[in-house]
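Trainee: Pasting a structure here, questions to come.
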């Protein structure tokens, strides 16, 4: 099958969707890449797999957006079996309307914010949804949002396409035990490792979490090793510096990672974590949270982020306010193997495997393509 995909070629999600749902089935893939950043960390992967990448040529202004499909006709008109859009915005839909003329089948895959920050273009969108073969939506929250905006007219076209969690494969492949991994990162074997967030953006609310840790007794804080992954995101130097300053004031031992971490290193840090605090403002699909669940960490998640598709399948604790978070931390200052919730933490591994491993999810994607 010849496939043309419109999306950001430097996105890990685009790369892994191609890897697990197209290449493994022998499909020939071309990308019309809508990247603002010229750097592509997956260039070698695309080159090795003979994937052609063409830069999207854009025109400025609303009129330019409407013509954007036709400015890229030299790529679009090559007649593909399947045309896919990853991240559905007005620009992508204008490309879709042109590509639909030259492709046998088509799919639109929503990612989350493209629904929750829906652009006002009802005519363009309703026309596109009428013409497309399938619409991929992952979470229940996204499906509810789609129904709120467009009703149930397109329900027969909707397929629940879930993204796999790539880091789980790396965690599965770790052979070293936790004590050896702790030694590698110079972490006291007796400390309780608490990881806070997974990027350097202020929306992770590191400072609010740290203020609650600061309010713990000195005896409690001495038991803790704090782990902060600040390797990616658009957090400013000033914000990162403020977070680091507050970390140093806690009296806890700590590790702050600001340089690139490999997949294996991220997996090791996840595996050695006892408690993972997720305090982000909004989040449609946290791969990091799922990786920590898989690694039997005690996950603490805010009540304002509800994972309806997995809340009845996995176990985690929930906090309603940051004051409430303080009490939960203080009540769970033990290594995860000594947690009072250990039996439930162990069950998370199998549960997460069922709805996060690509091998279990790929058949639904193939259904969307067919």
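Trainee: If the range 296-353 were replaced by its equivalent ellipsoid, with semi-axes equal to the square roots of 5 times the Cα gyration tensor eigenvalues, what would those be, largest first, whole Å?
Mentor: Equivalent ellipsoid semi-axes, largest first: 19, 17, 6 Å.
Trainee: With the crude spin-label approximation of a point 7 Å out along Cα→Cβ, what separation in nm comes out for residue 236 versus residue 154?
Mentor: 3.8 nm
Trainee: Another one. With just the Cα atoms defining each centre, how far is the range 70-139 from the range 231-296? Give it in Å.
Mentor: The distance from the Cα centre of the range 70-139 to that of the range 231-296 comes to 35 Å.
Trainee: Take the range 2-161, compute every pairwise Cα distance, and split them into 10 Å bins from 0; I just need the percent in each bin.
Mentor: Going from the shortest bin to the longest, the percentages are 10, 42, 37, 11, 0.
Trainee: With an 8 Å Cα cut-off and a minimum separation of 6 or more residues, compute the relative contact order for the range 167-356 in percent.
Mentor: That works out to 25 percent.
Trainee: Additional query: State, as an integer percentage, the relative contact order of the range 10-58 based on alpha-carbon contacts under 8 Å between residues 6 or more apart.
Mentor: 43 percent
Trainee: Could you grab the relative contact order for the chain? Cα pairs under 8 Å, six or more apart, rounded to a whole percent.
Mentor: 15 percent
Trainee: Mean-square fluctuation check for the chain, GNM, Cα pairs under 10 Å: which of 114, 133, 343 is largest?
Mentor: Result: 343 has the largest fluctuation of those listed.
Trainee: What value in Å³ per residue do you get for the convex hull of the alpha-carbon atoms in the range 106-245?
Mentor: 177 Å³
Trainee: Report the FRET efficiency, 1/(1 + (r/R0)^6), for residue 38 and residue 186, where r is their Cβ-Cβ distance and R0 is 45 Å, rounded to 0.05.
Mentor: Once rounded, the FRET efficiency stands at 0.75.
Trainee: Report the extension gain between residue 321 and residue 144 in nm, rounded to one decimal, defined as 0.36 nm multiplied by the number of residues separating them, less their alpha carbon distance.
Mentor: Stretched out fully, the residue 321 to residue 144 stretch lengthens by 61.1 nm.
Trainee: Helix-only estimate, please: 222 nm mean residue ellipticity of the chain, summing -39500 (n - 2.57) across DSSP H runs of length 4 or more and dividing by its residues, to the nearest 500.
Mentor: Result for the chain, helices only: -12000 deg cm²/dmol.
Trainee: What is the calculated FRET efficiency for residue 58 to residue 2, with r their C-beta to C-beta distance and R₀ = 22 Å, to the nearest 0.05?
Mentor: So the FRET efficiency works out to roughly 0.35.
Trainee: Taking every pair of Cα atoms in the range 218-370, average 1/r, invert it to obtain the Kirkwood radius, and report Rg/Rh to two decimals.
Mentor: For the range 218-370, the value is 0.98.
Trainee: Continuing with the same structure: For Cα extents along the principal axes in Å, the listed values are [x] 60, 57, 42; [y] 68, 40, 40; [z] 125, 49, 27; which was obtained by calculation from the structure presented?
Mentor: [y]
Every number in this text was worked out from the coordinates using simple rules, so none of it is lab data. Source: prediction; values computed, not measured. Quick reminder, even Gly has a Cβ in these numbers, built from the backbone with ideal geometry, and neighbours come from all protein chains shown.
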